[in-house]
Amino acid sequence: MRRCVVACVGLIGAVMFLMDSAPAARSQEAKTLTVYSSRAHYGAEPVFEAFTKKTGVDIKFFNGNNNEVFERLRNEGARTSADVLLTVDAGNLWNAAREGLLSPVQSKILTANIPAHLRDPENRWFGLAVRARTIMYSTARVKPDELSTYAALGDPKWKGRLCLRTSSNTYNQSLLGSLIKQEGEPAVEKMVRGWVANNPTYINGDTQILEAIAAGQCDVGITNTYYLARLLQKTPDLKVAPFWPDQQGHGVHVNVSGAGVSAHAKNREGAIALIEFLSTPEAQSTLAGASFEYPANPAVEPHAILKNWGTFKTQAVGVAAAGEFQAAAVKLADRAGYR
Amino acid sequence: MTSLARPASAWHISAWLLAGLVSAPIAAVALNLLLPRGDVWRHLADTILWELTWNTAWLLAGVAVVSGTLGTALAWLVVAHRFPGRRFFEWALMLPLAIPAYVMGFVFVALLEYAGPVQTTLRAAFGETFRLFDVRSGWGLVGVLSLVLYPYPYLMARSAFASLGSAPVEAARGLGLSPRQTFWRVALPLARPAIAVGVALALMEALADFGTVSLFDYRTYTVAIYRVWFGMFDRVAAGQLAVVLLLWALALLALERTQRGRRRYAQAHGRTAADVWPRLAGTRALAATACCTTVLGVAFVLPLATLGWWAVTPGVTHPASFRPLIMNSVVLASVAAVLCVSAGLLLAYARRRTHSKGLRFATEIAGLGYALPGSVVAVGVLAILAGTDRALADLVLRISGYDIGLLATGTGLGLLFAYLVRFIALGFHPTEAGLSSIPRSIDECAASLGTTPGRVVRELHLPLLRASLAAAGLLVFLDVMKELPATMLIRPMGWDTLAIAVWQMTSESLWREAALPALTIVAAGLPAVICLTWLGTSRRTPGETAS
């Protein structure tokens, strides 16, 4: 028994010794920058290596889900080691700003490089890469002129032919949120009821929806653009194409992955320098190109696959609307019976 | 008398302290009940609350029946029959435990969905209109979860059947009962408490599951908690929903206790001599082997083969180095296993030695972390850690003018605490079940002979509990290997585990890229399964010399 206790204490001690990261965080040097990131495996993106090469500043990543990264940052409070929060979905950025986790940045470079509707009105966060959430259709079984708007997917002709993510998906919540801002709740609820009446097949991933369309399980769906680009990169003859809806109306819904400076950043200058760097043309093509997103900086051309899809009108409403109306969107989905 | 009373109160105090420490994060969640109820509750009641309740109940009922039946039947088959391969299946049937539920989920969804290989082949053979059942359904979910969770009842039932002792079985057979009648009338009633523990653990896991149910687009309470928390940004209502989940767990545990009734199950300890059991011959032996092979094939070989096939797909990229990931996972899981089993043993002991209703209730509460979604527990733990840390650092700053920073938040210590809160139930329940089958007369007898309580524990109970402790340690080890939300939230920077490597890929729907890390989780869990099985069954225990 005693030996067992000694062994336990020893083991725990050893692990604590191995794992104690607090001293590292305390003796923070100016030459390192800590990024809390929920851009999944993108932590190893070459664009960050380019930043280190250029400035000599090392970047340390803490990767996690949106929710986990947010909670960690919130609970650490003033003693957080985060300098930059990097995340996907405008709703998440909006929520972090609302909780006071991000601080405003006045930067001429950022206001010049990032269009106003892709950043926070108070400059607490900046969209760096853009994805459209649009209608995807089977080129084998659907003609583009059969499609027109998001709401038209509620037309009975799509009964049993529509594939959707559930309303628990944050990208769909943002889509509904921005539509509510533009068209008001009654119109959006009518639209969602139309979708539900068509008895959509719920599928748990954007990639899986695109594969389902290609395989013939459904004919139309709504996904982010980069998932299709990824599949097309591997299978160029995939019989799925994007359709740009609402071109006569408000335009296609776009969302961002973006960054903000932590309210308690130890290396605030470095944090601003990193976000500024990410908005420059040289970084934008690498950042957005590698993940098949549209560059937020309008001076930069998108990847060839995306360019091939042509240009389209996007929502003029700021992406912040996604966060502002997200709760309303979820409740609306519940009322409309949208799973 | 005094010599007995003093150590008893030491048990008491340490058990209270431990239970209090482990319950603190759960209490932090429960405190949300004191806050005003927002309109979210009315909204839920008007819309999806009944669907959630129905779905959760259906899932629990389904998993209870399927995993309970499968686990008990397989355990009876391998313990009470002799057929080719029996000794292999006896431990191999536990292997699905090493596969994370979400991995099992995405393997089966990917294989069986419309665009997957099975349905594509069937359509090619039988025409475009051919449809298989929909894998993304309640049935599909119950099937997959039961395949991962049946090892809990199996593990508990197997050790219960194995330790029945020869006497009741020989008596039953001597009275002319057939093997089947022996099962229904003797073995099953005696093993019932152990099976109930196994099923309760499986159900708590099902109740807390988020990853797998979301893969199947099946909405349970857990999904609602996330929806309210991160969709409606209402953390208070999310905490209140989590309390409802706690009530479900308490109900489950109460149900489990009723299975034990007022009787004290004290069993003669010892492995039943193998020659009591019938040797199966001919087609019956073949059927038994085929049965075990099928379960093992579907629940283990098939998912592994699929992962292997994905991992070698051309063009799939893999993490640069697995060594740090494996190291982190294995070290964390081993330390957590020792920690949770020791803590569970302490609580189980206190429960055995106390008549205090308060303490018995406290031990029950302490185990509830297992029925809460990992994220909810982790956020509760983080709130406690960070709160204490901040207060401490502020205090030191004021006194000494030096900022010590956050000491526990984002360190290994904090993470181990989170594992303790989440998994102490796995250390506690199997140990307690094992302890309750040791007759109290042994303790009393030893005490009357002047043996100190410490010696009773060391020389009598620990050897008798060897199988239970090994089982508990195995469960904790494997669960920590698979654990995701708490690890993600509380781990020190740079301390990625295998489960995190899997998540980084699956979060982007890159299932093929996730295959190799997932396989590594299973591979790293295998030595533990083998080692602890051996520890649990190999040597004869002192109790046996009596039988």
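The values are calculated or read from the model by the stated rules, or taken from the named source; none is laboratory data. Please read all numbers here as calculations on a predicted model, not as lab measurements. A quick note on method: Cβ atoms are made from the backbone with ideal geometry, for glycine too, and the neighbour counts reach across all protein chains shown.
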Filtering region B:105-137 down to residues that are under 31 Å from the mean Cα position of the chain (by Cα) and at the interface with another protein chain (Cβ under 10 Å from one of its Cβ atoms) yields B:105, B:106, B:109, B:110, B:113, B:116, B:134, B:136
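Can you pull out the residues in region A:49-63 that are among the polar types (S, T, N, Q), under 18 Å from residue A:259 (Cα atoms) and outside any strand (DSSP E or B)?
Taking region A:49-63 as the starting set, the residues that turn out to be among the polar types (S, T, N, Q) are A:52, A:55, A:63.
Narrowing the set further to residues that are under 18 Å from residue A:259 (Cα atoms) leaves A:52, A:63.
Correct list: A:52 only.
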All but one of (1) surrounded by fewer than 24 Cβ atoms within 10 Å (Cβ to Cβ); (2) closer than 30 Å to residue B:39 by Cα; (3) touching a residue at least 40 places away in the same chain (Cβ under 8 Å) hold for residue A:331, so report the exception by its number.
-> (3)
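Just one of B:105, B:38 is surrounded by fewer than 21 Cβ atoms within 10 Å (Cβ to Cβ) and among the small types (Gly, Ala, Ser); which is it? Break it down stepwise before answering.
Working: B:105 fails: surrounded by fewer than 21 Cβ atoms within 10 Å (Cβ to Cβ).
On inspection, the qualifying residue turns out to be B:38.
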If you check residue B:447 against the conditions, is it crowded, with 21+ Cβ neighbours inside 10 Å and either over 26 Å from residue B:200 (Cβ atoms) or in the same structural domain as residue B:374 (by TED's automatic domain parsing) (or both)?
-> no
Hits in region B:195-221 (condition: hydroxyl-bearing (Ser, Thr, Tyr) and at pLDDT below 90) = B:214, B:221
Among A:262, A:291, A:285, the single one that is surrounded by 24 or more Cβ atoms within 10 Å (Cβ to Cβ) and either assigned by TED's automatic domain parsing to the domain that holds residue A:169 or not aliphatic (A, V, I, L, M) (or both) is A:262
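Considering each of B:245, B:201, B:215, B:252 in turn, give the residue that is within 30 Å of residue B:480 (Cα to Cα), touching a residue at least 60 places away in the same chain (Cβ under 8 Å) and within 12 Å of chain A (Cβ to nearest Cβ). Show your work before the answer.
Numbers: B:245 fails: within 12 Å of chain A (Cβ to nearest Cβ); B:201 fails: within 12 Å of chain A (Cβ to nearest Cβ); B:252 fails: within 12 Å of chain A (Cβ to nearest Cβ).
Answer to the check: B:215.
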Kindly indicate whether any position in region B:141-159 is buried (at least 17 other Cβ atoms within 10 Å of the Cβ), more than 27 Å from residue B:70 (Cα to Cα) and assigned by TED's automatic domain parsing to the domain that holds residue B:184.
-> no
Screening B:426, B:413, B:406 for residues that are within 24 Å of residue A:81 (Cβ to Cβ), crowded, with 24+ Cβ neighbours inside 10 Å, out of contact with any Ser or Thr (no Cβ under 7 Å at 6 or more places or on another chain) and of a type in the set (A, V, I, L, M) leaves only B:406
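Scan the helices (runs of 4 or more DSSP H) fully inside region A:238-339 and keep the ones with 3 or more residues being within 14 Å of chain B (Cβ to nearest Cβ).
Details: elements: A:268-279, A:281-290, A:304-308, A:321-324, A:326-336.
Here the list reads A:321-324, A:326-336.
Before we move on, is residue A:238 farther than 15 Å from residue A:304 by Cα, in the same structural domain as residue A:183 (by TED's automatic domain parsing) and over 24 Å from the mean Cα position of the chain (by Cα)? If you could, list the steps in order and put the result at the bottom.
Numbers: farther than 15 Å from residue A:304 by Cα: yes; in the same structural domain as residue A:183 (by TED's automatic domain parsing): yes; over 24 Å from the mean Cα position of the chain (by Cα): yes.
Yes; evaluated as a whole, the condition is true for this residue.
A quick yes/no check of all residues on (1) within 10 Å of chain A (Cβ to nearest Cβ); (2) in contact with a Leu (Cβ under 9 Å, 6 or more places away or on another chain); (3) closer than 18 Å to residue B:491 by Cα; (4) among the β-branched types (Val, Ile, Thr):
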| residue | (1), (2), (3), (4) |
| --- | --- |
| B:373 | no, yes, yes, no |
| B:376 | no, yes, yes, yes |
| B:379 | yes, yes, yes, yes |
| B:382 | yes, yes, yes, no |
| B:385 | yes, yes, yes, no |
| B:391 | no, no, no, no |
| B:396 | no, no, no, yes |
| B:403 | yes, yes, no, no |
| B:406 | yes, yes, yes, no |
(1) within 14 Å of chain B (Cβ to nearest Cβ); (2) touching a helix residue (DSSP H, G or I) at 6+ places or on another chain (Cβ under 8 Å); (3) touching a residue at least 12 places away in the same chain (Cβ under 8 Å): which one isn't true of residue A:215, the others all being true?
-> (3)
Within region B:71-124, count every residue that is touching a residue at least 60 places away in the same chain (Cβ under 8 Å), of a type in the set (Phe, Trp, Tyr) and under 26 Å from residue B:289 (Cβ atoms).
-> 5
State which residue is modelled with the lowest pLDDT when the search covers only region B:255-313 and only residues that are touching a helix residue (DSSP H, G or I) at 6+ places or on another chain (Cβ under 6 Å), part of a helix (DSSP H, G or I) and among the polar types (S, T, N, Q).
-> B:259
Residue check: is residue B:142 closer than 21 Å to residue B:219 by Cβ, in contact with a helix residue (DSSP H, G or I) (Cβ under 7 Å, 6 or more places away or on another chain) and either outside any loop (DSSP other than H, G, I, E, B) or not hydrophobic (A, V, I, L, M, F, W, C) (or both)?
-> yes
Verdict on residue B:27 being under 30 Å from residue B:219 (Cβ atoms) and surrounded by 15 or more Cβ atoms within 10 Å (Cβ to Cβ) = no
Would you say residue B:207 is in a helix (DSSP H, G or I), surrounded by fewer than 23 Cβ atoms within 10 Å (Cβ to Cβ) and among the aliphatic types (A, V, I, L, M)?
-> no
Answer yes or no: is there a residue in region A:185-207 that is within 11 Å of chain B (Cβ to nearest Cβ), touching a residue at least 40 places away in the same chain (Cβ under 8 Å) and aliphatic (A, V, I, L, M).
-> yes
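Please enumerate the residues belonging to region A:64-77 that are facing chain B (nearest Cβ under 8 Å), assigned to a helix (DSSP H, G or I) and either in contact (Cβ under 8 Å) with a residue 24 or more places away in the chain or crowded, with 21+ Cβ neighbours inside 10 Å (or both). Give the derivation first.
Step one: filter region A:64-77 for residues facing chain B (nearest Cβ under 8 Å), giving A:64-68, A:71-72, A:75-77.
Next, only the ones that are assigned to a helix (DSSP H, G or I) stay: A:66-68, A:71-72, A:75-77.
Residues satisfying the conditions are A:66, A:68, A:71, A:72, A:75, A:76, A:77.
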Scan A:86, A:110, A:101, A:153 and give me the residue that is over 20 Å from the mean Cα position of the chain (by Cα), modelled with pLDDT of 90 or more and surrounded by 17 or more Cβ atoms within 10 Å (Cβ to Cβ).
-> A:153
